[in-house]
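Everything below concerns the one structure shown next.
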């Protein structure tokens, strides 16, 4: 089934798992234009991250909520630097582990652990809904956060269930560094040089719109999206597209909201017409 996307030029905006998504598309023969929405950096002050790790070792958590796979990988980077990997992984093994969607689950498996539960909806609201069905009274709950999101509502909901919440934010975004690449990607779509744009998070939709407005090219973005098939990984992304007046053209089959089913859906849909790149 290789080379199903041979000759097609696909724009991806994935930041946290950019390399994996690009590799999967390239294996199918696609020409991938990578345009990550943010540059990711470790948290500028490592002290709070190190302190959180040591607390998790000294006072093992009852529950751990992972919002992103990137977050756990960044934590493990610090864990290895300070030389406490065995202790930290051993402590996490004793906790119930909850994942916001499939990506944190994959990061857990990299260190030999499994999530006990994964949200049906990969959103903060989905996490709150999942935890709302559990008894958290008196529990110490570690909460790995991610940047550019107000987590106060989620933290409040967990505390209302009687849990002690210990949050950690192991990385930050540098949005400005990516703006120029985003504007270039908008131009490529508007000029008909992209066969499909693949969206894997609702934040990518918002970021595209925000950058277009800030740089005075919102009309150009909408023109480009009007002529470019839009592939959405799942309902959260499609809802965000609808909220800003955009459509979903390509969607994974059988409610399988992951990268591989999205790629299969793109291959099926794009096969109905020749690649634009090849046609030029």
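I'd like the full set of residues that are more than 22 Å from residue 237 (Cβ to Cβ) and without any contact (Cβ under 8 Å) to a residue 12 or more places away in the chain, limited to region 109-123.
Within region 109-123, 109 is the sole residue that qualifies.
In the set 125, 129, which member is over 15 Å from residue 41 (Cα atoms), part of a helix (DSSP H, G or I) and in contact with a helix residue (DSSP H, G or I) (Cβ under 9 Å, 6 or more places away or on another chain)? Walk me through it before giving the result.
On the way: 129 fails: in contact with a helix residue (DSSP H, G or I) (Cβ under 9 Å, 6 or more places away or on another chain).
Unique residue meeting the criteria: 125.
Just wondering, is there one or more residues in region 76-96 that are closer than 24 Å to residue 202 by Cβ and either surrounded by 22 or more Cβ atoms within 10 Å (Cβ to Cβ) or touching a residue at least 60 places away in the same chain (Cβ under 8 Å) (or both)? Talk me through it step by step, then tell me what you get.
Here is the first cut: in region 76-96, the ones closer than 24 Å to residue 202 by Cβ are none.
No, the conditions are met nowhere in region 76-96.
Inside region 140-160, can you point out the residues that are farther than 24 Å from residue 46 by Cα and surrounded by fewer than 17 Cβ atoms within 10 Å (Cβ to Cβ)?
Result: 153, 156, 159, 160.
If you take the residues in region 176-189 that are in contact with a strand residue (DSSP E or B) (Cβ under 8 Å, 6 or more places away or on another chain) and closer than 20 Å to residue 148 by Cβ, which one is modelled with the lowest pLDDT?
So, considering only residues that are in contact with a strand residue (DSSP E or B) (Cβ under 8 Å, 6 or more places away or on another chain) and closer than 20 Å to residue 148 by Cβ, the one modelled with the lowest pLDDT is 177.
Considering only residues of region 161-172 that are out of contact with any helix residue (DSSP H, G or I) (no Cβ under 6 Å at 6 or more places or on another chain) and farther than 14 Å from residue 127 by Cα, which is surrounded by the fewest Cβ atoms within 10 Å (Cβ to Cβ)? Don't jump to the end; show me each part of the working.
Step one: of region 161-172, the residues out of contact with any helix residue (DSSP H, G or I) (no Cβ under 6 Å at 6 or more places or on another chain) are 161-164, 166-167, 169, 172.
Narrowing further to those that are farther than 14 Å from residue 127 by Cα: 162-164, 166-167, 169, 172.
On the way: 162: 11, 163: 22, 164: 14, 166: 15, 167: 17, 169: 19, 172: 17.
Among those residues, the one meeting the criterion is 162.
Among (1) over 19 Å from the mean Cα position of the chain (by Cα); (2) more than 24 Å from residue 264 (Cβ to Cβ); (3) surrounded by 14 or more Cβ atoms within 10 Å (Cβ to Cβ), there is one condition residue 70 misses while meeting the rest; what is its number?
(1)
Wholly within region 1-110, which helices (runs of 4 or more DSSP H) include no fewer than the required count, namely at least 1 residues that are within 29 Å of residue 179 (Cα to Cα) and not assigned by TED's automatic domain parsing to the domain that holds residue 189? Step through it out loud before you land on a result.
Numbers: elements: 18-27, 47-58, 69-81, 85-94, 102-110.
Output list reads 47-58, 69-81, 102-110.
I'd like the full set of residues that are closer than 28 Å to residue 104 by Cα and in contact (Cβ under 8 Å) with a residue 12 or more places away in the chain, limited to region 225-242. Walk me through it before giving the result.
To start, the set of residues in region 225-242 that are closer than 28 Å to residue 104 by Cα comprises 230-242.
Selection gives 230, 231, 232, 233, 234, 235, 236, 237, 238, 239, 240, 241.
Could you identify the single residue in 10, 49, 57 that is touching a strand residue (DSSP E or B) at 6+ places or on another chain (Cβ under 8 Å) and closer than 26 Å to residue 172 by Cα? It would help to see each step written out before you state the result.
Working: 10 fails: closer than 26 Å to residue 172 by Cα; 57 fails: touching a strand residue (DSSP E or B) at 6+ places or on another chain (Cβ under 8 Å).
After applying the criteria, what remains is 49.
Within region 190-200, how many residues are buried (at least 23 other Cβ atoms within 10 Å of the Cβ) and out of contact with any strand residue (DSSP E or B) (no Cβ under 6 Å at 6 or more places or on another chain)?
Residues flagged as buried (at least 23 other Cβ atoms within 10 Å of the Cβ) and out of contact with any strand residue (DSSP E or B) (no Cβ under 6 Å at 6 or more places or on another chain) within region 190-200 amount to 1.
Considering only region 215-244, how many residues are out of contact with any strand residue (DSSP E or B) (no Cβ under 8 Å at 6 or more places or on another chain) and either at negative phi or at pLDDT below 95 (or both)?
Taking region 215-244 and keeping what is out of contact with any strand residue (DSSP E or B) (no Cβ under 8 Å at 6 or more places or on another chain), we get 215-224, 226-227, 234-236, 239-240, 242-244.
When the remaining residues are screened for being either at negative phi or at pLDDT below 95 (or both), the result is 215, 217-224, 226-227, 234-236, 239-240, 242-244.
Total meeting the criteria: 19.
The values are calculated or read from the model by the stated rules, or taken from the named source; none is laboratory data. Note that the coordinates shown come from a computational prediction; the quantities given were computed from them, not determined experimentally. Cβ sites come from the backbone with ideal geometry, for glycine too, and all protein chains shown count toward neighbours.
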